[in-house]
Amino acid sequence: MNPRAIKLFLTLLWLAAAIGLYFASGHVFGLFSLACLCMAAFNFIRWVTMRTHITARLPLRRHDRSAQETEPKPAFRFDEPPPEETGRQT
């Protein structure tokens, strides 16, 4: 399973628990709702840092293959007929 998706799912789960506890306690942030909010913030920070860590490892530019192979290779000559095959009939 994708670790980034798990961290984002945990963030949303803890946030939903914090909001649920907030409304269940009469619009007062209790100890459990604050703990859930801290866990949501912690998982959100882990998700963001994982995204920036992965994008930092990606190459900044791709190599242009068309510029490297501008000259045709001598092994591929299409203007000559193929050599005759001997000894094998289909």
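For the pair PHE78 and THR49, label points projected 7 Å from Cα toward Cβ lie 5.5 nm apart. So, counting K/R as plus one and D/E as minus one, what does the shell of residues with Cβ under 14 Å around LEU13 add up to? Local net charge: +2. Shape analysis of the range 3-54 places it in the prolate category; the axes a ≥ b ≥ c from the Cα gyration tensor give an a/c of at least 1.5, with a/b above b/c.
Rule-based calculations on the coordinates, nothing more; no lab input. Note that the structure is a prediction, hence the values are computed from the model and not measured. Methodologically, a virtual Cβ is constructed for each residue, glycine included, from the backbone with ideal geometry; neighbour enumeration extends over all protein chains shown.
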